[in-house]
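Visitor: Would you mind keeping the following structure in view while I ask a few things?
Computed from the coordinates by the stated procedures, all read-outs in this text should not be read as laboratory data. Remember, predicted model here, so these are calculated numbers, not experimental data. Glycine gets a Cβ as well: all are built from the backbone with ideal geometry, and neighbour counts include every protein chain shown.
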Amino acid sequence: MAANRYFAEATGTFALVFAGCGAIVVDELYGGVLGHLGVSTVFGLIVMAMIYAVGNISGAHINPAVTIGFMIAGRFDRRLVLPYVGSQLTGAVLASLLLALLFPTHETLGATLPSGSVLQSFIMELVLSFLLMFVILNVSSGHMEKGIMAGVAVGGMVGLEALIGGPVSGASMNPARSLGPALVSGNIRHLWIYILAPIAGMFLAYPTCRWVQGPDCCQPGQEEQAEGG
């Protein structure tokens, strides 16, 4: 049933925002108990876990830019894009509301904000999103062994990119992950970066995958599998 897929996307995105942004909040409120490495690891682990938990139901996109990226690659039904994105945004906002209830004194709730210039953060988000979608497209097609390890590859990539890009732009790569805490906390000034850059980066991943993989990448009618971000 389609409703199961939407609920899976909402639940998966809820878990991503609650765990990932929650890690940022806990780290800042409790004296850096997790550290940058710990926060990055949480993001990678929750993505990996959700891929294995709901990947067989919805594909575990848990990211509007990934959903759009699959549509561009011809591997996702256009009619499902808006329901998927709506489910992802709903999950992200609900998770942020819960974090606001649990930690009412925290000002950003893990919202992504540029640490330097707007251009620096935009380029960082674009490149990180491109690399993430490139990995997703490659591990979600082809040999069965790649599909089995998709959760490890994608979760590992998210954690790696969080390590690199977190101090610069927040390493969102995910409009839902940024939109939820931004709306609830009111930190929306630079939100456009975290909506446009991930979509643009993931758009660029499709032709690159085609150039690398040739006809084995994104064949017409090919179904999406376990992804995330």
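Visitor: Using the alpha-carbon atoms, what tilt in degrees (0 to 90, nearest 10) does helix 2-29 show relative to the longest principal axis of the chain?
Guide: 40 degrees
Visitor: Here is a follow-up. Determine, for Ile46, Ile199, Ile62, the number of other Cβ atoms within 10 Å of each Cβ, and report the residues in order from fewest to most.
Guide: The fewest-first ordering by Cβ neighbours comes to Ile199, Ile46, Ile62.
Visitor: Would you list Tyr6, Tyr84 from fewest to most Cβ contacts within 10 Å?
Guide: Going from least to most buried by this count: Tyr6, Tyr84.
Visitor: Continuing with the same structure: Bin all alpha-carbon pair distances of region 93-133 at 5 Å intervals from 0 and give each bin's fraction as a whole percent.
Guide: Spelled out bin by bin, region 93-133 gives 5, 20, 17, 14, 15, 19, 9, 0 percent.
Visitor: On to the next question. Output the 0 to 90 degree angle, nearest 10, between the alpha-carbon long axis of helix 150-169 and the longest principal axis computed from the alpha carbons of the chain.
Guide: Once rounded, one gets 40 degrees.
Visitor: Another question about this same structure. If packing is taken as the mean number of other Cβ atoms within 10 Å per residue, what is the order of 200-208, 87-95, highest first?
Guide: Those peptides, ordered most packed to least, come out 87-95, 200-208.
Visitor: What percent do you get for the relative contact order of region 2-216 when only Cα pairs under 8 Å and 6+ apart count? Write out the running numbers ahead of the final one.
Guide: Numbers: 370 pairs, mean separation 65.3, N = 215.
Contact order relative to length: 30 percent.
Visitor: Roughly speaking, what % of Cα-Cα pairs in the chain are separated by over 22 Å, rounded to a whole number?
Guide: Counting every Cα pair in the chain, those more than 22 Å apart make up 45 percent.
Visitor: Please state the charge dipole magnitude for region 1-101, taken about the Cα centre, from unit charges on C-beta atoms (+1 on K and R, -1 on D and E), reported in debye and rounded to the nearest 20.
Guide: It comes to approximately 400 debye.
Visitor: Roughly what angle does helix 193-213 make with the longest principal axis of the chain, taking Cα atoms, 0 to 90 degrees, to the nearest 10?
Guide: Compared with the principal axis, the helix lies near 30 degrees.
Visitor: Could the peptides 114-124, 149-159 be put in order, highest first, of the mean number of other beta-carbon atoms found within 10 Å of their residues?
Guide: Those peptides, ordered most packed to least, come out 149-159, 114-124.
Visitor: Now for a separate question. Hey, what number do you get for the chain at 222 nm if only DSSP H runs of n ≥ 4 count, each worth -39500 (n - 2.57), divided across all residues, to the nearest 500?
Guide: Theoretical 222 nm ellipticity from helices: -24000 deg cm²/dmol.
Visitor: Based only on other Cβ atoms within 10 Å, what is the fewest-to-most ordering of Met71, Met173, Met50? Present the calculation step by step, with values, prior to reporting the outcome.
Guide: Details: Met71 18, Met173 34, Met50 28.
So the ranking, lowest neighbour count to highest, is Met71, Met50, Met173.
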